[in-house]
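What follows is one structure encoded as structure tokens, with my remarks underneath.
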Amino acid sequence: MTPVVRTERLTKRYGHTSALRDLDLEVREGEVFGLLGPNGAGKTTTLRLLLDLIRPTRGRVLLFGQDLASHSVGARRRVGYLPGNLALYDDLTGVELLKLLAGLRGHRDVTAALRLAERLELDLGRRAGELSKGNRQKLGVVQAFQHEPDLLVLDEPASGLDPLAQRELHAAVREHAAAGGTVLFSSHVLSEVEQVADRVGILLDGRLVVVDRVDHLKATALRALTFTFAAPVDAEVFERIPGVREVTSNGATVACHVVGDVGDLVRAAAGLGLVNVTSAEPDLEEIFLDYVERRESHVA
Ligand code: ATP
């Protein structure tokens, strides 16, 4: 099957800055793909290249099997885009904006958009200029979904949304994919990608360094756990548990890293008079370095 998105050695330089280097990426129909990376990694650059908003220095983009350079207008009609730096007509209300876009896009049925606005608890009667940051983001999300596009390209869609709206957004993304649509979104939060994506690509310094299924990444990702006990414990017990590393202890507190399933570790801790446990997500560089290290030691 022809991939919905395909990039070939896609490269973008701004003067001496390499924003994106030799990106080869494929996103298939019905798939939710999360592009993950820290600030400045090249996520926005990638998404803007896919929308033909900027042109590559080298390489090319194929959308729906067609070269974007020669089929830009037709391809973009089939894409819903939420930009990172959302610009809205501040004098228009939400409804007026959706109607304007409906006319421009030739997709006059706004029923689905109204339903999504309701799910996100967005008041479409307010002028965009009066909306809070989170509500502007909701309006951005609604306009991206509005014409029921085959492909959704969403730049940090959850940014500024409260947890309830994030949940609705993620549900809408999954429903879009379940109905055969395709979604490519960016995020700098692993847990968000884990919740909603089928596959993930990690970008670092303009390079795609990992592409993997989310369930696999989840099963092998590094996590940091800190346990607090009622009284000091012998931390050596933890060092013997498979997947556990970097154990440090300070009296009744034990911190460690664990790869994959935390079940054995938590059970061992629970038997020692556990009072509290906190779990933190290591930053993406740590996850990436750990992932590459283990992959290399696997191959060796
Ligand atoms: P963020 O999460 O901060 O939005 P990002 O992963 O989306 O980051 P990009 O915005 O794609 O990253 O930026 C990638 C690199 O390209 C950065 O070093 C950035 O400073 C640079 N860059 C992006 N746009 C421009 C531009 N118009 N002119 C010069 N450099 C740019």
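Bear in mind these aren't lab numbers, they're just calculated from the coordinates by the rules spelled out. Just so it is clear, the model here is predicted, and its values are computed rather than measured. FYI the Cβ positions are ideal-geometry reconstructions off the backbone, even for glycines, and counts take in every protein chain you see.
Report for the chain the percent antiparallel among DSSP-assigned beta bridges with both residues inside it, nearest 5. Kindly include the intermediate steps, with their values, before the conclusion.
Working: 39 of 57 bridges.
If I count the DSSP bridges inside the chain, around 70 percent turn out antiparallel.
Would you please give the FRET efficiency between R245 and N39, computed as 1/(1 + (r/R0)^6) with r the Cβ-Cβ distance and R0 = 25 Å, to the nearest 0.05? Don't skip to the end; give the middle numbers.
Numbers: r = 28 Å, r/R0 = 1.11.
It comes to 0.35.
Going by C-beta contacts inside 10 Å, put F229, F185 in order with the fewest on the left. Walk me through the numbers on the way to the answer.
Working: F229 18, F185 26.
Fewest-to-most ranking of F229, F185: F229, F185.
Report, in deg cm²/dmol and to the nearest 500, the calculated mean residue ellipticity at 222 nm for the chain, where each DSSP H run with n ≥ 4 adds -39500 (n - 2.57) and the sum is divided by the residue count.
Numbers: 11 runs with 106 residues, N = 300.
Rounded to the nearest 500, the figure is -10000 deg cm²/dmol.
What nm value, rounded to one decimal, do you get for the distance between L53 and D261 when each label is placed 7 Å out toward the C-beta?
Between L53 and D261, the simple spin-label model gives 4.4 nm.
Hey, in the GNM for the chain with a 10 angstrom Cα cutoff, which one of L50, L97, L164 fluctuates hardest?
Top of the fluctuation ranking is L164.
Once the Cα atoms of helix 133-145 and of the chain are each reduced to a long axis, what angle between those two axes, in degrees from 0 to 90 to the nearest 10, is obtained?
Tilt of helix 133-145: around 60 degrees.
Between the stretch 9-64 and the stretch 244-273, what is the C-alpha centre distance in whole Å?
Comparing the Cα centres of the stretch 9-64 and the stretch 244-273, I get a distance of 40 Å.
Out of T278, T182, T228, any idea which swings most in a Gaussian network model of the chain, alpha carbons joined below 10 Å?
Greatest mean-square fluctuation among the candidates belongs to T278.
Considering only DSSP beta bridges whose two residues both sit in the stretch 111-255, what percent are antiparallel, to the nearest 5? Can you show the working numbers first?
On the way: 12 of 17 bridges.
Antiparallel: roughly 70 percent of the beta bridges in the stretch 111-255.
Using the beta-carbon distance between A235 and T17 and R0 = 51 Å, what value does 1/(1 + (r/R0)^6) give for FRET efficiency, to the nearest 0.05? Kindly include the intermediate steps, with their values, before the conclusion.
Details: r = 45 Å, r/R0 = 0.89.
Once rounded, the FRET efficiency stands at 0.65.
May I ask you to sort R136, R126 by Cβ crowding, counting other Cβ atoms within 10 Å and putting the fewest first? All intermediate terms of the calculation are to be shown ahead of the outcome.
Numbers: R136 20, R126 15.
Arranged by neighbour count, lowest to highest, R136, R126 become R126, R136.
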